[in-house]
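Chemist: Once you've had a glance at the structure underneath, I'll fire off some questions.
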């Protein structure tokens, strides 16, 4: 690579339960509802020069596996979790440069509420906040917001595209320089630079103006993760950074070509949207140790297929519990996360094979920190991508965090593949720095 990689971290079950019953879980079972763990993560990521920490969220208790909540509650699988948005000012207060991106379901949150909330957070973080736009997938979430069923997949994405337009229209109700704050002249806000949005779309309407001024970024950074054609269209229209997960280098290359072409067709500079590929390295002090860890993880997955089936089932709204693990896999359809289902179903001919082979992102990164840095250099040179989004391969704990931030990142820096200092004061500025 001729320039550094952008680095980000995906924190699944963000303000929820992480490693709580493992060898390196520490006080995970007791501290899950405090912010201590997340603060430690943020500080470590900033030391390592990461662009942002992405906080995942969902608003339902899954009951897809076996038609019951039991598996999810018993194993702390996606539940319990607290709302991660209140974490943002806490994490920003513990850091100076790291971007904090929170997940918002466009299907449920009114645009005015989101625009005002994140303008406020942009002030509180001094320009380091972002919004991960998701359309929500599970019917149980929809029912929590008064709907009988989840809306159709394509409709949700059409709504999300308009949602982004509404957010920007509201942020733009205050022009640059509207806040004068001139005690001598007796003017705080120039009335001529504040106007109504009068946004009228197919799905949303909002009058405006916002009753708070936009923050340092004016438009908080927008990220997006959909891999379906509709998700890619949303990313091309609105995203400043895209996170996407593929199993092979060829798939990554094809995605990058497609999305950059979509960006050009929408009139955007392709370099204005940073594409981050999900990776889950396995590190060890020696190659043999790392390989043994990777093998142990595969063995655990093979011995516990219900874990993978329950977790994927909650994303695609399919109950896999009654299906024969060794029967040929029938065609699967969903109104949930279609991109994930397509990659999941394409991982094998039977459910047992699918579970054994399934990875959320790219996991063929195994070895010592120097080994993995070299492997990552080779992969990203071939892909031509902007960077990577780290996602723990199993559970999240401080040990895995340290392996990346204090082991792998120094090895990347020795190769010139990770920034050694921040060059901008805002998240957008750091994303556009290279």
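Chemist: Which residue fluctuates most in the GNM of the chain (Cα springs below 10 Å): 295, 136, 102?
Modeler: Sorting by GNM fluctuation, first place goes to 295.
Chemist: Let me know the shape class of the stretch 266-349, please: from the alpha-carbon gyration tensor, a ≥ b ≥ c as square roots of the eigenvalues, rounded when a/c is under 1.5, otherwise prolate if a/b is greater than b/c, or oblate. Don't skip to the answer; put the middle values down first.
Modeler: Values: a/c = 2.73, a/b = 1.05, b/c = 2.61.
Oblate is the answer for the stretch 266-349, as a/c is 1.5 or above yet b/c matches or exceeds a/b.
Chemist: For the chain, what does the helix formula give at 222 nm: sum of -39500 (n - 2.57) over DSSP H segments with n ≥ 4, over the residue count, nearest 500 deg cm²/dmol?
Modeler: Details: 17 runs with 169 residues, N = 434.
After summing the helix terms and dividing by the residues of the chain, the value is -11500 deg cm²/dmol.
Chemist: How do 420, 282, 120, 248 line up, fewest other C-beta atoms within 10 Å first?
Modeler: The fewest-first ordering by Cβ neighbours comes to 420, 248, 120, 282.
Chemist: Connecting C-alpha atoms closer than 10 Å in a GNM of the chain, tell me which of 191, 110, 183 has the biggest fluctuation.
Modeler: Ranking 191, 110, 183 by mean-square fluctuation puts 183 first.
Chemist: Express the relative contact order of the chain as a whole percentage, based on alpha carbon pairs under 8 Å and six or more residues apart in sequence. Walk me through the numbers on the way to the answer.
Modeler: Details: 827 pairs, mean separation 92.3, N = 434.
Relative contact order for the chain comes out at 21 percent.
Chemist: Which of rounded, prolate, oblate describes the stretch 176-224, given a ≥ b ≥ c as roots of the alpha-carbon gyration tensor eigenvalues and a/c under 1.5 marking rounded, otherwise prolate only if a/b is larger than b/c?
Modeler: Numbers: a/c = 4.15, a/b = 1.68, b/c = 2.47.
Oblate.
Chemist: For the stretch 325-388, calculate the relative contact order in percent as a whole number, restricting contacts to Cα pairs under 8 Å that are 6 or more residues apart.
Modeler: Values: 36 pairs, mean separation 14.6, N = 64.
Once divided by the residue count of the stretch 325-388, the mean separation gives 23 percent.
Chemist: Sticking with this structure for a sec: Going by how many other Cβ atoms sit within 10 Å of their own, how do 155, 133, 259 line up, fewest first? Provide the component values of the computation, followed by the final result.
Modeler: Working: 155 15, 133 26, 259 21.
The order, fewest Cβ neighbours first, is 155, 259, 133.
Chemist: Cα atoms only, the chain: Rg and Dmax in Å?
Modeler: Answer for the chain, Rg first and Dmax second: 21.7, 79 Å.
Chemist: Suppose a student asked you for the relative contact order of the stretch 155-279, using Cα pairs under 8 Å spaced at least 6 residues apart; what percent would you report?
Modeler: Values: 161 pairs, mean separation 25.7, N = 125.
For the stretch 155-279, the relative contact order is 21 percent.
Chemist: How much length would be gained if the chain were fully extended between residue 287 and residue 211, taking 0.36 nm per residue of separation minus their Cα-Cα distance, in nm to one decimal?
Modeler: Details: separation 76, 0.36 × 76 = 27.36 nm, distance 5.68 nm.
The span from residue 287 to residue 211 would gain 21.7 nm if fully extended.
Chemist: Counting other C-beta atoms within 10 Å, which of 409, 194, 180 has the fewest, and how do the rest follow?
Modeler: Working: 409 24, 194 17, 180 13.
So the ranking, lowest neighbour count to highest, is 180, 194, 409.
Chemist: Where a ≥ b ≥ c are the square roots of the eigenvalues of the C-alpha gyration tensor, would you call the stretch 1-148 rounded, which needs a/c under 1.5, or, failing that, prolate if a/b is larger than b/c, or oblate?
Modeler: On the way: a/c = 1.91, a/b = 1.22, b/c = 1.57.
Verdict is oblate for the stretch 1-148.
Chemist: Also, I was wondering about something else. For the chain, find the longest principal axis of its Cα atoms and tell me its angle to the long axis of helix 287-303, 0 to 90°, nearest 10.
Modeler: Between helix and principal axis, roughly 90 degrees.
Read-outs throughout are calculated quantities, based only on the coordinates presented, and are distinct from any laboratory measurement. Note that the structure is a prediction, hence the values are computed from the model and not measured. Backbone-built Cβ (ideal geometry, glycine too); neighbour counts: all protein chains shown.
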